[in-house]
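Step one of this worksheet: look at the structure below.
The values are calculated or read from the model by the stated rules, or taken from the named source; none is laboratory data. Values in this document were obtained by computation on a predicted structure and should not be read as measured data. Positions of Cβ are generated from backbone atoms using ideal geometry, with glycine treated the same way; all protein chains shown enter the neighbour counts. Keep in mind that these areas ignore ligands, DNA and RNA; they rest on the heavy atoms of the full protein, side chains included. Shrake-Rupley method; radii C 1.70, N 1.55, O 1.52, S 1.80 Å.
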Amino acid sequence: MKNTRLFLAIGVVGSLISVLVYMAATSTAQAVVTVEQLVREATSRQKVRLGARVTEDAINYQTEPEFKLTFSVQDIIPKEQAAEPLDLKKLNLKKLEVVYAGIRPDTFQPNRDVILEGYFDGKTFTATSLLTQCPSKYEVPLPQD
Amino acid sequence: MSDGFVLHFGGFALVAATVVAVYGAIGGFFGAWKEREGLARSAYNAAIAATCLSVTTLIALAVLFLRHDYRFAYVWQNSNNDMPPWYLVSAIWGGMDGSMLLWGVMLSAYSGLALASCTSKKLRPWLTSILCVSTASFLLIVTLSTNPFRLVPTLIMPTNGNGLNPLLQNPSMLIHPICLYLGFTGFVIPFAYCMAALLSGDLSGQWIQLARRWTLVAWGFLTVGIILGGHWAYIELGWGGFWAWDPVENASFLPWLTATAFLHSVIVQERRNMLRIWNVSLCALTYILTVFGTFLTRSGIVQSVHAFAEGNVGQWLLTYIVFITLLTIVTIAYRYRELRSPESLESYFSREAAFLFNNLVLLGICFATFWGVMFPVFSEALGYEKSVVGPPFFNQVNGPLFLVLIALMGYGPLISWKRNSWQNFAKLVWRPLLAGSAVTVLFLGIDGTRIIAAVSFGLFVFVLGTIMGEFHRAARIRRELSQGEGALQSLVSVVRRKPERYGGYIVHLGVVFMAVGITASTIYKIEKDFVLKLGQPAELGGYSLELMSLQEEQFKNYAALRAVVQVRDAASRQILGELHPEQRFYPASQQTTTEVDTRATPWQDLYIALGGIDPELKETGAAFKVFINPLQFWVWVGGMIMLGGTLVLVVSAFRMRQVVRESVVTSSVVRA
């Protein structure tokens, strides 16, 4: 076949890159978990990503001797379910205590949705990164009569 | 103007543009297929009319914004009375509906340009049809799913609007999205030429030159758009970096990679008539990836900080992607025999092999990035626990691949086509290789633990050396041929005589500068969060920072907390300047943004973001995020050099046809 060289090159480079992707993916992938899941399993885990809502419980923030932000989060109830007036207490949502050693982001408030990355030791969640999500995204409900 | 006219004009123009484009697509198809010239001509006219109508639609939307007509939901959502006119214009693409409209309008504007400049009788009917399919599809989605001319569901006109997201109220946001969209949408032209060539059976070299020229234009805009986006993130988001491998960034990066691959492999086709199926596929893949990018950012399929509100637009776009992909596969299969190249790769040690490896690595980066973006979707679909990969994944995979790419950038130009001789190669390579190795050894001597940095910087010097060698050799020959040309003058005439070659080297030069900046600012970044109190200086990386004052100021649409930080050289105590990081609060949208301040020198950037007030310290101190980014400056310089090189390439590509035409004329005159 006249194109052996071409296909050989494609094959070799392709396999090398696939191996590289596979190795990087297995070593850096983070599971996406919920508060419910973490609390239920109650065992320490590898680095995970947690999307949750900041509860109205006390938020503790200190800047000295080092930055430390302590708060708790619970799972976000999907919009479809939240459309009905529902009693949060009745749902008995699990809460999770979070410690973040960094500056409190300016958009951080109770009831905001946050994306946390970090480790769970079976008791508290130590966040290595904290991102607050903009609640409005870009769109807001239209004015009604 | 009557009120009804204002209320319905924009929506009407949009529908008219859509209908006319649909006619152009169908008429063009049958005109081309049945070879009916009249029908093809009429489809062409329809395409031009669609261009005019859609541009009118965009102007109509701009007028509504400038008139503060809040009866229109989109105007109400994205602007308010306090915004200056230029932000009112940028509000057009501040939300989903308007940005989709802008997309459709740009598609049809490009289509008009491409058709008006197309002289090939054989390609044009098909070109009309393919371009109209694309325009019509997008305008149809805008009309049905994301129409920006929808009215608010109230009878009374609201007196004020909601206002544009404050993060988007930044001068970069005026140009960055425009460049990005001009890049994205521009790839429709090479795709259409490629399809037109396949469908018409005119596979002579003409289409590839036309596709290359328009790819250069789109690629240039996309490159500038991506760099401006990075610059916006750097100065606006306050996390000290400029690229986070966010899905939205990746969405623009994927087609950039395939387009870059195409621009290189085209050269192989022009010189050696090889890789024809490959080029056709790359051209189509680039276009598909631009639509995929729109899909990715507007469907909510993956989480992103940029995400637009969700809607059914994702399904429409996905349908279109599937349609275009099938069309491409069927068309390539249909012309497979004619496309197969008579030539083959004779040696791995040749210029064409270097180009091949360049393409494979670029596609590898594209594949890895795609995989990373879609990882949450794939992991869930394959039955595993839903997982994500972040910047570490992308850096781990793409970092080494980019280094290989840059190595090829130095090696490629030194070897010749078909087969190379070792003697010739050794003669050209030894100087840059020696310089590069010396730098690596030097870096290892300074800090033996940073092997990656040492190898990278050695590599960059090697590539810099080979590029300079190319210019030097060419300029020396020029100087020998012409009497009295100075060094600079001979360099200019080198570029002028062979712009397609030396323009490319200028782009490469920009890439090297950018790579130096990216590597240094990533590896040697110093980053610290701390509290600064009045009268208590803190030290970081050779700087001494002291908080001088913390003041609140009221502005028209926001309140600012402004810090004054004095910067001194830690050793000499000499005052270097003052920085004014700010935090702004926009009451209309209840949003806080941070305005960073930087002290940029070619050597390093000192970057300070105000992280927030401490309720206990009140006005006597605040938390700051401080970054020191070495050689950051060169990232932007590299970007500008790349732009310069691209301009040289674009100008030469558009001049080429004139040259070809003139030479054809002269040769026929001579023959006559």
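Of the numbered criteria (1) facing chain A (nearest Cβ under 9 Å); (2) part of a strand (DSSP E or B), the one B:R568 fails is (1). The set of residues in region B:53-100 that are more than 14 Å from chain A (Cβ to nearest Cβ) and under 26 Å from the mean Cα position of the chain (by Cα) comprises B:S54, B:V55, B:T57, B:L58, B:I59, B:L61, B:A62, B:W86, B:Y87, B:L88, B:V89. Remark: pairs (first residue in region B:265-290, among the charged types (D, E, K, R); second residue part of a helix (DSSP H, G or I) and open to solvent by less than 10 Å² (accessible area, probe 1.4 Å); Cβ separation under 8 Å; 6+ apart in sequence or on different chains) = B:E270/B:I208; B:R271/B:E352; B:R272/B:E352; B:R276/B:L339. Answer yes or no: is there a residue in region B:546-564 that is among the small types (G, A, S), crowded, with 20+ Cβ neighbours inside 10 Å and within 14 Å of another protein chain (Cβ to nearest Cβ). Checked region B:546-564: at least one residue is among the small types (G, A, S), crowded, with 20+ Cβ neighbours inside 10 Å and within 14 Å of another protein chain (Cβ to nearest Cβ).
Residue-by-condition table, conditions (1) under 35 Å from the mean Cα position of the chain (by Cα); (2) part of a helix (DSSP H, G or I); (3) farther than 24 Å from B:W243 by Cα:
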| site | (1), (2), (3) |
| --- | --- |
| B:L405 | yes, yes, no |
| B:N424 | no, yes, yes |
| B:G445 | no, yes, yes |
| B:F471 | yes, yes, yes |
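Scanning region B:479-503 for residues that are open to solvent by 70 Å² or more (accessible area, probe 1.4 Å) and more than 14 Å from B:V648 (Cα to Cα) returns B:R479, B:E480, B:L481, B:Q483, B:G484, B:L488, B:Q489.
Anything in region B:314-361 that is assigned to a loop (DSSP other than H, G, I, E, B) and within 14 Å of chain A (Cβ to nearest Cβ)? List them, or say none. Residues satisfying the conditions are B:R340, B:S341, B:P342, B:E343, B:S344, B:L345, B:E346, B:S347, B:Y348, B:F349, B:S350. Out of region A:60-78, which residues are of a type in the set (A, V, I, L, M, F, W, C) and touching a Leu at 6+ places or on another chain (Cβ under 7 Å)? A:V73, the sole residue that qualifies.
For region A:17-46, which residues satisfy the criterion of being part of a helix (DSSP H, G or I) and within 7 Å of another protein chain (Cβ to nearest Cβ)?
A:I17, A:L20, A:V21, A:A24, A:A25, A:T28
Evaluate region B:125-140: report whether one residue or more is modelled with pLDDT of 85 or more and either farther than 30 Å from B:A196 by Cα or surrounded by fewer than 19 Cβ atoms within 10 Å (Cβ to Cβ) (or both). Looking for residues that are modelled with pLDDT of 85 or more and either farther than 30 Å from B:A196 by Cα or surrounded by fewer than 19 Cβ atoms within 10 Å (Cβ to Cβ) (or both), one finds at least one in region B:125-140, hence yes. The set of residues from region B:376-397 being within 7 Å of chain A (Cβ to nearest Cβ) and part of a helix (DSSP H, G or I) comprises B:P376, B:P392, B:F393, B:Q396, B:V397.
Looking only at residues in region A:1-15 that are at the interface with chain B (Cβ under 8 Å from one of its Cβ atoms) and assigned to a helix (DSSP H, G or I), the one that is farthest from B:V373 (Cα to Cα) is A:R5.
One line per residue, one yes/no per condition, for (1) at pLDDT 95 or above; (2) surrounded by fewer than 19 Cβ atoms within 10 Å (Cβ to Cβ):
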{"position": "B:L363", "(1), (2)": "yes, no"}
{"position": "B:V373", "(1), (2)": "no, no"}
{"position": "B:S379", "(1), (2)": "no, no"}
{"position": "B:L382", "(1), (2)": "no, yes"}
{"position": "B:K386", "(1), (2)": "no, yes"}
{"position": "B:P391", "(1), (2)": "no, yes"}
{"position": "B:G399", "(1), (2)": "no, yes"}
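Can you confirm whether B:V596 is within 29 Å of the chain's Cα centre (by Cα) and surrounded by 15 or more Cβ atoms within 10 Å (Cβ to Cβ)? Spelling it out, B:V596 is indeed within 29 Å of the chain's Cα centre (by Cα) and surrounded by 15 or more Cβ atoms within 10 Å (Cβ to Cβ).
Residue-level check: of (1) under 18 Å from B:Y44 (Cα atoms); (2) under 22 Å from the mean Cα position of the chain (by Cα); (3) surrounded by fewer than 20 Cβ atoms within 10 Å (Cβ to Cβ), B:S120 misses just (2).
Yes/no matrix, rows are residues, columns are (1) in contact (Cβ under 8 Å) with a residue 12 or more places away in the chain; (2) in a helix (DSSP H, G or I):
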residue: B:T119; (1), (2): no, no
residue: B:L131; (1), (2): yes, yes
residue: B:A136; (1), (2): yes, yes
residue: B:T143; (1), (2): yes, yes
residue: B:T146; (1), (2): yes, no
residue: B:I156; (1), (2): no, no
residue: B:G163; (1), (2): yes, no
residue: B:I175; (1), (2): yes, yes
residue: B:C179; (1), (2): yes, yes
